Amino acid sequence: MSGATRDATAARPRNFTRVDYDKMIDAGVLGEDEHVELVGGVIVQMSPEGSAHAVTIDLCAEVLRRAFGAGFTVRVQHPLVIDPDGEPAPDLAVVPGEPRAYLTSHPTHAALVVEVAESSLAYDRVEKAALYARAAIPEYWIVNLVERVVEVHRDPTEHGYGRRVSVGASDVIAPMAAPDASISVAALLP
């Protein structure tokens, strides 16, 4: 093996499993409050959270708690175990059950996942959408702060979501898992 081949081989990144990632957190290598997540075996540094992003998360959490009610928990920036190499921490995940149901392990499925996007818009549209679709998350919303719309993704497949529509501030939407809810898009935007 030549030196050039050996150098190229040595430069390959090492992917991590969810088990590796959790062990790093347990050992203190990664702090529980660090802004990182595991996506496709790669530990990804999340963007710093600006005030508009934080307010939007709070608004969405409030609206989704009312829309879904009892029987669901709205988790804010907490891990969601979706595959052996993925443990993202979406801005919001609406999961079945009460909070204590996840005392010993993170949820493995969500009725709805929401990402708030400004600087991360391209990443959320491509990488995150593909990730959540492969995990069969039935509905994924991007609260797009750049264009002031909510991008609604439905019908997950191995290759992405089959349907995507953008709804503006004057529109209303109903989550698939709470079809009787009528959510004003304006209530989700800062």
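Treat every Asp and Glu Cβ in the chain as -1 and every Lys and Arg Cβ as +1, leave all other atoms uncharged, and give the resulting dipole magnitude about the Cα centre to the nearest 20 debye.
Charge dipole, the chain, about its Cα centre: 360 debye, nearest 20.
I need the peptides 69-82, 167-180 ranked by packing, meaning the mean over residues of other C-beta atoms within 10 angstrom, with the highest value on top.
69-82, 167-180
Rank by packing, highest mean first: peptides 112-119, 60-67, with packing defined as the count of other Cβ atoms within 10 Å averaged across residues.
Ranked by mean Cβ neighbours within 10 Å, highest first: 112-119, 60-67.
Tell me the mean residue ellipticity at 222 nm calculated for the chain from its helices only (DSSP H runs of n ≥ 4, each -39500 (n - 2.57), averaged over every residue, nearest 500).
Computed ellipticity for the chain at 222 nm equals -6500 deg cm²/dmol.
Taking the dipole about the Cα centre of the chain, with the C-beta of Lys and Arg at +1 and of Asp and Glu at -1, give me whichever of LEU38, ALA52, ALA187 is farthest to the positive side.
Final value for the positive-end residue is LEU38.
Rounded, prolate or oblate: pick one for region 62-185, where a ≥ b ≥ c are the square roots of the eigenvalues of its C-alpha gyration tensor, a/c under 1.5 means rounded, and failing that, prolate if a/b is larger than b/c, else oblate.
Note, shape of region 62-185 comes out oblate.
For region 46-114, with only Lys/Arg (+1) and Asp/Glu (-1) charged at the beta-carbon, what is the dipole magnitude about the Cα centre, in debye rounded to 20?
300
Which of the peptides 124-132, 86-94, 154-162 is most tightly packed, and how do the rest follow, judged by the mean count of other Cβ atoms within 10 Å per residue?
86-94, 124-132, 154-162
In whole percent, and with a 1.4 Å probe on the protein chains, what portion of the accessible area of the chain is carbon and sulfur?
54
Using a Förster distance of 30 angstrom, determine the FRET efficiency expected from the C-beta separation of SER170 and GLN77, and round it to 0.05.
Result of the calculation: an efficiency of 0.55.
Taking the dipole about the Cα centre of region 103-144, with the C-beta of Lys and Arg at +1 and of Asp and Glu at -1, give me whichever of VAL116, ALA135, LEU103 is farthest to the positive side.
Positive-end residue among those listed: ALA135.
Indicate the gyration tensor shape class of region 150-189 (rounded, prolate or oblate), computed on the Cα atoms with a ≥ b ≥ c the square roots of the eigenvalues: a/c under 1.5 is rounded; otherwise a/b larger than b/c is prolate and the rest oblate.
Verdict is oblate for region 150-189.
The values are calculated or read from the model by the stated rules, or taken from the named source; none is laboratory data. Since the structure is predicted, the reported quantities are computational estimates derived from the model, not experimental observations. As a convention, Cβ positions derive from the backbone with ideal geometry for all residues, glycine included, and neighbour counts pool all protein chains shown. Just the protein is used for accessible areas: all its heavy atoms, side chains included, with ligands, DNA and RNA removed. Shrake-Rupley method; radii C 1.70, N 1.55, O 1.52, S 1.80 Å.
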